[in-house]
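Scroll down for the structure; my scribbles are underneath it.
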Amino acid sequence: MKKIVLITGANRGIGLETATQMKALGYKVILTSRNADEGQRVARDLEVGYYQLDVASAESISALTAYMDAEFGQLDVLINNAGILLDRSDKILDIPVEKLQTMFETNTLAPLMLIRALLPLMQKNNYGRIVNVSSQLGSISNFNDYTPAYRLTKLALNGVTRMLADALKGTNILVNSVHPGWVKTEMGGAGAPLNLEDGAHNVIWAATLPDDGPQGGFFYAGKPMAW
């Protein structure tokens with residue numbers, strides 16, 4: 001059976017391009033999005049699987065897990081791509097707490113909850129590749145007061161990656177954080193230097209690691225980044 005990859009937030013941007021490239025590599029792709037109409041449309045055009053998912057909803061994650069177990073009984077690759085950036089004009093001293101909470105729910109807690117829910121499907125075959133799509137803005141060595149919530153959520157996501165790597169030590173389930181680069185997307189803007197293909201390629205590198213690949217790292221273009 002083909003290896004199965006589940007990609008969150010894959011109805012556009014890097015997620016969609018990653019789905020396109022993973023399909024070309026021979027994977028069975030399950031594309032997810034919160035917007036069902038848009039997600040179903042792009043999945044139909046790409047001829048891949050689709051499941052509607054609200055990553056911030058425990059009920060939605062539970063339903064997805066039950067579907068994956070009943071339909072396939074396995075999961076080989078999980079790409080936590082879904083993320084939001086709502087705080088371009090905020091500063092750490094005045095950003096509303098509600099905005100912080102919303103961004104943490106989507107950018108940090110959702111990937112952790114998805115991993116915890118779907119991990120048994122990887123453990124059954126002792127094979128898994130988990131990619132947490134992070135950002136260089138989450139590198140504490142590069143911190144400043146621009147997009148404070150986004151930076152904190154990606155810093156925390158990198159922490160989740162490190163903890164999971166320790167918890168999965170000795171298994172063939174590799175979890176890593178990846179900075180896809182500054183890419184021309186709705187979030188990255190038209191002035192970004194990289195195209196979608198470049199950004200997706202950085203994600204796919206971590207999604208297709210060999211069994212002796214790195215565990216618990218933070219990478220860009222296959223090279224370690226400063227935490």
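The values are calculated or read from the model by the stated rules, or taken from the named source; none is laboratory data. Every value quoted in this text rests on a predicted model; they were computed, and no experiment measured them. Cβ coordinates were reconstructed from backbone atoms using ideal geometry, including for glycine residues, and neighbour counts include every protein chain displayed. Ligands, DNA and RNA are excluded from the accessible area calculation, which covers all protein heavy atoms including side chains. Shrake-Rupley method; radii C 1.70, N 1.55, O 1.52, S 1.80 Å.
How many Å³ per residue does the convex hull of the Cα positions in the range 59-184 occupy? Don't jump to the answer; show the numbers that get you there.
Values: hull volume 14.5 nm³, N = 126.
Here the figure is 115 Å³ per residue.
Among Tyr127, Ile115, Leu53, flag the residue with its Cα farthest along the positive direction of the charge dipole of the chain, charges on Cβ as +1 for Lys/Arg and -1 for Asp/Glu.
Highest projection toward the positive end goes to Tyr127.
Mind listing which GluC sites (Glu not before Pro) in the range 1-98 are in a DSSP loop and have 16 or fewer other Cβ atoms within 10 Å? Before the final figure, lay out the partial values.
Details: sites: Glu17, Glu38, Glu47, Glu59, Glu71, Glu98; in loops: Glu47.
Passing sites in the range 1-98 are Glu47.
Taking a ≥ b ≥ c as the square roots of the eigenvalues of the Cα gyration tensor of the range 51-126, is the shape rounded (a/c under 1.5), prolate (a/b larger than b/c) or oblate? Walk me through the intermediate numbers first.
Values: a/c = 3.34, a/b = 2.68, b/c = 1.24.
Prolate.
With every protein chain present, what accessible area does Lys3 have (1.4 Å probe, heavy atoms only), rounded to the nearest 10 Å²?
Its heavy atoms expose roughly 80 Å² to the probe.
Once the Cβ-Cβ distance between Asn172 and Glu59 is put in as r, and R0 is 35 Å, what FRET efficiency do you end up with, to the nearest 0.05?
On the way: r = 31 Å, r/R0 = 0.88.
Efficiency, from the Cβ-Cβ distance: 0.70.
Please determine, in degrees from 0 to 90 and to the nearest 10, the orientation of helix 110-123 with respect to the longest principal axis defined by the Cα atoms of the chain, where the helix direction is its Cα long axis.
The two axes meet at around 20 degrees.
Among Leu86, Leu64, what's the order by accessible area (1.4 angstrom probe), most exposed first? Don't skip to the answer; put the middle values down first.
Details: Leu86 85, Leu64 0 Å².
Final ranking, largest accessible area leading: Leu86, Leu64.
Simple spin-label model, 7 Å along Cα-to-Cβ: Ala66 to Arg116 in nm?
Placing both labels 7 Å beyond Cα along the Cβ direction yields 1.9 nm.
Averaged across orientations, what area in nm² does the convex hull of the alpha carbons in the range 52-96 project?
Details: hull surface 18.9 nm².
Convex hull of Cα atoms, orientation-averaged projection: 4.7 nm².
Is it possible to state the helix-based mean residue ellipticity at 222 nm for the chain, with each DSSP H run of 4+ residues giving -39500 (n - 2.57), the sum divided by total residues, to the nearest 500 deg cm²/dmol? What is it? Spell out each step's value before the answer.
Details: 7 runs with 91 residues, N = 227.
Helix contribution divided over all residues of the chain: -12500 deg cm²/dmol.
Which whole-number percent gives the relative contact order of the range 6-120, counting Cα pairs below 8 Å spaced six or more residues apart? Don't skip to the answer; put the middle values down first.
Numbers: 142 pairs, mean separation 29.9, N = 115.
It rounds to 26 percent for the range 6-120.
Quantify, in whole percent, the carbon and sulfur part of the accessible surface of the chain (1.4 Å probe; protein heavy atoms only). Don't jump to the answer; show the numbers that get you there.
Details: 5590 of 10420 Å².
Solvent-exposed carbon and sulfur of the chain make up 54 percent of the total.
According to the square roots a ≥ b ≥ c of the eigenvalues of the Cα gyration tensor, what is the shape class of the chain, taking rounded for a/c under 1.5, prolate for a/b larger than b/c otherwise, and oblate for the remainder?
Values: a/c = 1.42, a/b = 1.29, b/c = 1.10.
Rounded shape, in that the Cα axes give a/c under 1.5.
Please identify, among Val42, Val178, Val55, the residue showing maximal mean-square fluctuation in a Gaussian network model of the chain using a 10 angstrom Cα cutoff.
Comparing Val42, Val178, Val55 in a Gaussian network model of the chain, the most mobile one is Val42.
Quick one: if the Förster radius is 45 Å, what FRET efficiency do Lys99 and Asp45 give, using the C-beta to C-beta distance and rounding to 0.05?
Numbers: r = 34 Å, r/R0 = 0.75.
FRET efficiency, Lys99 to Asp45: 0.85.
Report the dimensions of the range 1-85 along its three principal axes from the alpha-carbon atoms, largest first, rounded to Å.
31, 29, 21
Please give every one of the lysines within straight-line cross-link reach of Lys3, meaning a C-alpha to C-alpha distance under 21 Å, and leave out same-chain neighbours fewer than 8 residues apart.
Those lysines meeting the cut-off are Lys23, Lys28, Lys124.
Ignoring everything but the protein chains, give the 1.4 Å probe accessible area of Trp205 in square angstrom, nearest 10.
80
Select from Ser60, Ser89, Ser177 the residue whose mean-square fluctuation is largest in a Gaussian network model of the chain (Cα-Cα springs shorter than 10 Å).
Ser89
Over the Cα atoms of the range 94-134, how large are the radius of gyration and the largest Cα-Cα distance (Dmax), in Å?
14.0, 48
At a Cα cut-off below 22 Å, give the lysines reachable from Lys99, other chains included and same-chain residues fewer than 8 away excluded.
By straight Cα distance, Lys99 reaches Lys91, Lys154.
Could you work out the relative contact order of the chain, using alpha carbon pairs under 8 angstrom and six or more residues apart, expressed as a whole percent?
Working: 444 pairs, mean separation 43.3, N = 227.
Relative contact order, the chain: 19 percent.
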